[in-house]
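Data first, discussion second: the structure below is written as structure tokens.
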Amino acid sequence: MEKASWIVYWNEYSSDTYLYGSEVEYESKSSVKFKNRLMPPGTVIKEWFSMTNYQEKRIEPALPIIDGESKYKISINVDTPDGTGCMVRLVFLDKYEREAGDITIRDTEAEFRCPLKTFSYKMQLINGGMSEFTFHSIIIEEIENE
């Protein structure tokens, strides 16, 4: 069985991006430069969703559908000047959009499982103390069970 793999890019839809005082330069699909020297640590810079209300947001979901039975690996391709300061948080939601769990990733790679009652989830790129970076992509891959 072939394992599934998805690449998540930074889309140009701005309502899910922290824009207050930010400079965002879309060089290509896989190269977005972001700079904001006044943004406090802990700020959510960008969000992606596995489920959206198209009538409300006018965008399609950017994240793959995942389940609580499989194990996944996430690879974060973000260049920061000192190699640190980037965090990704996955927030798992139940069918009533209540939080069913979350995981925060501080490294460039991590493995995770989502809670069994996960209905949808969102992924947040969080400022961990950086003021500028270049975002390339985030890769989510299914890991085959041993």
Legend entry - Pairs where the first residue, in region 1-26, is surrounded by 16 or more Cβ atoms within 10 Å (Cβ to Cβ) and modelled with pLDDT of 95 or more and the second is outside any strand (DSSP E or B) and hydroxyl-bearing (Ser, Thr, Tyr), C-beta under 6 Å, 6+ apart: none
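Counting only residues that are over 14 Å from residue 92 (Cβ atoms) and surrounded by fewer than 17 Cβ atoms within 10 Å (Cβ to Cβ), how many does region 48-64 have?
From region 48-64, those over 14 Å from residue 92 (Cβ atoms) are 52-62; that's our starting set.
Filter once more, keeping what is surrounded by fewer than 17 Cβ atoms within 10 Å (Cβ to Cβ): 53-61.
Number satisfying all stated conditions: 9.
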Inset, instruction - Mind telling me which of the residues 107, 67, 79 ends up being surrounded by fewer than 15 Cβ atoms within 10 Å (Cβ to Cβ) and within 20 Å of residue 26 (Cβ to Cβ)? - result: 79
Legend entry - Residues being in a loop (DSSP other than H, G, I, E, B) and modelled with pLDDT under 85 - total across region 47-72: 8
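Out of all the residues in region 73-95, is one or more within 30 Å of residue 23 (Cα to Cα), in contact with an Asp or Glu (Cβ under 8 Å, 6 or more places away or on another chain) and outside any strand (DSSP E or B)? Can you show your working first?
Step one: list which residues in region 73-95 are within 30 Å of residue 23 (Cα to Cα), which gives 74-92.
Now narrow it down to the ones that are in contact with an Asp or Glu (Cβ under 8 Å, 6 or more places away or on another chain): 74-76, 80-81, 89-92.
Narrowing the set further to residues that are outside any strand (DSSP E or B) leaves 80-81.
Checked region 73-95: at least one residue is within 30 Å of residue 23 (Cα to Cα), in contact with an Asp or Glu (Cβ under 8 Å, 6 or more places away or on another chain) and outside any strand (DSSP E or B).
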Legend entry - residue 115, sole failed condition from (1) buried (at least 20 other Cβ atoms within 10 Å of the Cβ); (2) more than 17 Å from residue 75 (Cα to Cα); (3) not basic (Lys, Arg): (1)
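The values are calculated or read from the model by the stated rules, or taken from the named source; none is laboratory data. Nothing here was measured: the structure is a model prediction, and the numbers come from that model. FYI the Cβ positions are ideal-geometry reconstructions off the backbone, even for glycines, and counts take in every protein chain you see.
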